1. List every residue pair whose Cβ atoms lie under 6 Å apart, where the two residues are 6 or more positions apart in sequence or sit on different chains, the first residue falls within the range 76-92 and is on the phi < 0 side of the Ramachandran plot and surrounded by 11 or more Cβ atoms within 10 Å (Cβ to Cβ), and the second residue, located anywhere, is part of a helix (DSSP H, G or I) and at pLDDT 85 or above.
2. If you scan the range 47-61, which residues turn out to be farther than 9 Å from residue 33 by Cβ and in contact with a helix residue (DSSP H, G or I) (Cβ under 9 Å, 6 or more places away or on another chain)?
3. When you check residue 116 against the structure, is it part of a helix (DSSP H, G or I) and farther than 19 Å from residue 81 by Cα, yes or no?
4. Can you work out which of the residues in the range 8-33 that are surrounded by fewer than 10 Cβ atoms within 10 Å (Cβ to Cβ) and part of a helix (DSSP H, G or I) is modelled with the highest pLDDT?
5. Can you tell me how many residues in the range 95-148 are exposed (fewer than 10 other Cβ atoms within 10 Å of the Cβ) and over 31 Å from the mean Cα position of the chain (by Cα)?
6. Considering each of 109, 86, 93 in turn, give the residue that is out of contact with any strand residue (DSSP E or B) (no Cβ under 6 Å at 6 or more places or on another chain), over 26 Å from residue 76 (Cα atoms) and in a helix (DSSP H, G or I).
């Protein structure tokens, strides 16, 4: 630089502008496993780390499926038990109703029979409503998990 350029620079300091650029990157992932690039970094830090992470995810998935299967099995048994007990109670109510009517107590027998049938129908309907709500709740949870 010659003398004239130095003088021009000192007279106009605003023309000597330095631009600094700052950037940042944010990455986000969701799920049981980190992205493949991160798995490679884990392997660099700890030998066989990626394999161990994959095995951990597989083990967790198997455990979760086993628990879900146990819950479903339990719910099916509980439902069957409820149906059996409901049938027995309904049968007792109907037998009692028939017995009362046969003994000449038509009003009591009719009330017992109508009450037994009403109870059975209401339990059946409320059970179906509960199943429907649970199914909708599970479907909503599955949609939320698939979105994340």
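The values are calculated or read from the model by the stated rules, or taken from the named source; none is laboratory data. Remember, it's a predicted structure, so these values are computed and weren't measured experimentally. Here the Cβ is made from the backbone with ideal geometry for all residues, glycine too, and neighbour counts use every protein chain on show.
1. From residues that are on the phi < 0 side of the Ramachandran plot and surrounded by 11 or more Cβ atoms within 10 Å (Cβ to Cβ), the pairs are 90/116.
2. Correct list: 49, 50, 51, 52.
3. Details: part of a helix (DSSP H, G or I): yes; farther than 19 Å from residue 81 by Cα: no.
So residue 116 does not fit the description; no.
4. Quick first cut of the range 8-33, residues surrounded by fewer than 10 Cβ atoms within 10 Å (Cβ to Cβ) only: 10-31.
With the extra rule that they be part of a helix (DSSP H, G or I), the set shrinks to 10-11, 13-15.
Details: 10: 52, 11: 55, 13: 53, 14: 57, 15: 64.
Checked the range 8-33; the qualifying residue modelled with the highest pLDDT is 15.
5. Selection size over the range 95-148: 2.
6. Values: 86 fails: over 26 Å from residue 76 (Cα atoms); 93 fails: over 26 Å from residue 76 (Cα atoms).
None of the others qualify; the one that does is 109.
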